[in-house]
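Scroll down for the structure; my scribbles are underneath it.
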Amino acid sequence: MDAIAILQTLEKLVDLGLDRLDQAILPAPDPTQPAVILLPGFMGVHLADPAAGRAWLDPAAAIRGDLSARVALDAVGAADAFPGERLAPDGVVRFVYADLVQALRFAGHAVHPFAFDFRRSLLSSTLLLRDLVTDVLQRSPGTKVVLLGHSMGALLACLLPYYLPSFADRVEQTIFLGGPLGGTFDAVEAVTGTHWVLPRLVALSPRETARDFQASLATWPGAFSMLPDPDAFPGAGCERAFDAVDWPAGLAPRQAILDEAKALKTTIRRSPLFDLAPPVTQLLATQYSTVGSLARDERGAITAGPRTSQGDGVVTAASALPPGVTGYRTTFPHTLAPIEPAAIQAILDLIHTGACTLDLIQRDDVAAEVAPGQAPDVQMALGLIESGVTSMLDGCLTFSSLTWLLASLV
């Protein structure tokens, strides 16, 4: 058995063992407690081919040396571009979500994670989410639901009422972790080559270049759905992100993808979700310097501006806290937000009592610009150090994921 097969087999064995452990020690859901629809974030879902195995998140896929090609989509962003590839969601990434899911289940909540293909159009993913939520509501007619969205998952929650308006009276609460309600500059960083994760991917997949990954990401409609809303960032030059001619040559997304992304900005901003009671709650770290504007490179193409806004390293406070959204301050950076013990406790408290002990975020306190701080990879490393011991003891940090994450941060 070669190294790739060993890693893949070990990953499956560990996952199955943890699933059996969960089933043995977790209590049955309490029908008096609301069910939780867990909406994971961008890249927070495994993608796998039935024959070739996982492409994301799995170090074995990087060892193959064709990861960027395997995850690319076709010219219209609708199908896998790699010959014979048929990637589909293969569960949420346990390292990020297992602590949160276990805490909710121990508290008696049925938890329904929605694993979706984050590369694809948010509109198509919302149709699948509608089917999941409809099934949950029909199987438990008297049960309320809590929408719990991390990162990109918050945008799916905002779109859901348009596809399933009848579910409004069944929503007991909506809670977001780093939800980019006004968008984020992450896609700009990734496609234009300034994102911190690119050199780590190249280090893991040495036969590929950063340009290979940039070109692959440029085919993902899902990434562009998170582009910054010009209304949320006045004067930041965000309008240019929705014009294909302003992107770097050879990396420009199709204009149709950008047109859909631009239309989504208004749709999300006006979501009926914000009219429900109680109001949407956002849990957000604000001490990490975050990109809050666009700039131009030496050739005149768009690139990400400096990290001078307050936020969680990916989402600025201005994006996460539109009028009417109540914010509470957390401490872990964006990707690790669901791991933070204080955030998990706050979610439980909000569901059970409608309040939590975290400090409220005052919009005036997070409006001023800050000096550029730690790079996102340093933020991630510090968060891993703080959370790693607990995660390993809880059994949610698998061998393969640990290998991937540590290799990505050296």
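By count of other Cβ within 10 Å, fewest leading, how are Asp74, Asp66, Asp364 ordered? Before the final figure, lay out each step's value.
Working: Asp74 11, Asp66 17, Asp364 7.
The fewest-first ordering by Cβ neighbours comes to Asp364, Asp74, Asp66.
Shown here are the Rg and Dmax of the Cα trace of the stretch 113-192, at 13.6, 49 Å.
Put in order of Cβ neighbour count within 10 Å, fewest first, the listed residues Leu160, Leu132, Leu360 become Leu360, Leu132, Leu160. Sequence-ordered 3J(HN,Hα) estimates for the stretch 76-81 from the Karplus curve with 6.51, -1.76 and 1.60 and θ = phi - 60° stand at 9, x, 10, 8, 5, 8 Hz, glycine and proline given as x. At R0 = 22 Å, how high is the FRET efficiency between Thr209 and Asp74 if r is their beta carbon distance? Nearest 0.05 is fine. That gives a FRET efficiency of 0.55. For the stretch 279-344, trypsin sites (Lys or Arg not before Pro) meeting the loop criterion (DSSP other than H, G, I, E, B) and having at most 15 other Cβ atoms within 10 Å: Arg299. Residues Phe116, Phe274, Phe176, Phe233, arranged from fewest to most other Cβ atoms within 10 angstrom of their Cβ, appear as Phe274, Phe233, Phe116, Phe176.
Shape index of the stretch 42-112: Rg/Rh, with Rg the Cα radius of gyration and Rh the Kirkwood radius from the inverse mean 1/r over Cα pairs, equals 1.09.
I'd like the GluC sites (Glu not before Pro) in the stretch 187-283 restricted to DSSP loop residues with at most 16 other Cβ atoms within 10 Å, sorted by number.
Working: sites: Glu189, Glu208, Glu239, Glu260; in loops: Glu208.
Passing both the DSSP loop test and the Cβ count: no residue.
Here the label points at Arg86 and Thr267, each 7 Å from Cα along the C-beta direction, are separated by 2.7 nm in the simple model.
Since every read-out is calculated from the coordinates, none of them should be taken as a lab result. All figures in this text were calculated on a predicted structure; none of them were measured in a lab. Cβ sites come from the backbone with ideal geometry, for glycine too, and all protein chains shown count toward neighbours.
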